[in-house]
Amino acid sequence: MRNLATLGFISDSSILADVRRTVKDAVADAYIEGLAEGGIPADEMSDDDALMIVELSYQQLDYVTDFVRAIRDAKDDKALQRDILDNRIDLWIRSIEAAGAQGLASAKSNEMVTWHYGDTEHCETCLRLNGQRHRRKWFASRNYFPRTPGAALECGGYRCMCSLE
């Protein structure tokens with residue numbers, strides 16, 4: 001991603017297509033890896049899993065467009081471009097990791113897990129969930145994914161350091 005943004009742009013549409021493909025592929029790979037970690041090989045994934053990969057990928061596409069626009073607008077300020085890259089890439093890494101967590105949650109939907117605090121300040125949702133034990137699918141159905149940007153937590157999951165164990 002960094003190379004695509006810093007090595008130069010041929011055109012807006014070229015970099016946009018390249019970054020979109022990179023993000024979509026990474027989300028799909030992470031989800032499939034999560035399934036595999038949960039004991040489900042890619043060739044046995046359900047139609048629901050395939051649909052979820054598409055949905056998770058498309059959730060990122062608006063961010064890709066904003067990212068390319070921001071990098072283009074900062075073309076004369078390399079320090080600002082680096083800041084944009086560092087901030088956005090960190091969020092994408094978390095989103096991609098979240099796709100893996102959702103793949104694992106799908107594969108192990110009936111596994112019992114417990115919400116545990118991470119080393120950070122906690123929102124009301126995380127405070128309420130701490131110590132609760134449910135099946136993974138219970139957390140997944142409510143979009144309670146710790147460390148996941150856009151999760152249905154008051155903190156939004158962006159800086160959440162909690163975990164399901």
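Worth a mention:
- So Ala105, is it touching a Lys or Arg at 6+ places or on another chain (Cβ under 8 Å), within 24 Å of Phe67 (Cα to Cα), open to solvent by less than 50 Å² (accessible area, probe 1.4 Å) and part of a helix (DSSP H, G or I): no
- Some residue of segment 46-64 being touching a residue at least 60 places away in the same chain (Cβ under 8 Å), closer than 16 Å to Pro149 by Cβ and surrounded by 13 or more Cβ atoms within 10 Å (Cβ to Cβ): yes
- One residue stands out in segment 141-161 among those that are of a type in the set (A, V, I, L, M) and at pLDDT below 90: the one that is most open to solvent (accessible area, probe 1.4 Å), namely Met161.
- Exactly one residue among Trp138, Trp115 is modelled with pLDDT of 90 or more, open to solvent by 50 Å² or more (accessible area, probe 1.4 Å) and over 15 Å from the mean Cα position of the chain (by Cα), and that residue is Trp138.
- Evaluated against (1) touching a residue at least 24 places away in the same chain (Cβ under 8 Å); (2) within 30 Å of Ala36 (Cβ to Cβ); (3) open to solvent by 20 Å² or more (accessible area, probe 1.4 Å); (4) of a type outside the set (Asp, Glu), His122 falls short on exactly one condition, (2).
- For His134, the conditions (1) without any contact (Cβ under 8 Å) to a residue 24 or more places away in the chain; (2) touching a helix residue (DSSP H, G or I) at 6+ places or on another chain (Cβ under 6 Å) are fulfilled apart from (2).
- Number of positions in segment 108-165 that are outside any helix (DSSP H, G or I), under 22 Å from Tyr58 (Cα atoms) and not aliphatic (A, V, I, L, M): 12
- Among the candidates Arg159, Arg136, Arg147, the residue that is within 15 Å of Ala30 (Cβ to Cβ) and of a type in the set (Lys, Arg) is uniquely Arg147.
- Test set (1) in a loop (DSSP other than H, G, I, E, B); (2) touching a Pro at 6+ places or on another chain (Cβ under 6 Å) - Leu91 fails condition number: (1)
- Any hit, segment 15-24, residues being modelled with pLDDT under 85, among the small types (Gly, Ala, Ser) and open to solvent by 60 Å² or more (accessible area, probe 1.4 Å): no
- Residue within segment 142-150 that is free of Cβ contacts under 8 Å to residues at least 60 places away in the same chain, in contact with a helix residue (DSSP H, G or I) (Cβ under 8 Å, 6 or more places away or on another chain), β-branched (Val, Ile, Thr) and closer than 23 Å to Ile32 by Cα present: yes
- Residue that is farthest from the chain's Cα centre (by Cα), among those in segment 86-95 that are of a type in the set (A, V, I, L, M, F, W, C) and surrounded by fewer than 19 Cβ atoms within 10 Å (Cβ to Cβ): Ile89
The values are calculated or read from the model by the stated rules, or taken from the named source; none is laboratory data. Keep in mind the model is a prediction, meaning the values are calculated, not measured. Because the Cβ atoms are built from the backbone with ideal geometry, glycine has one as well, and the counts that use them run over all protein chains shown. Heads up: the accessible areas ignore ligands, DNA and RNA and are worked out on the full protein's heavy atoms, side chains in. Shrake-Rupley method; radii C 1.70, N 1.55, O 1.52, S 1.80 Å.
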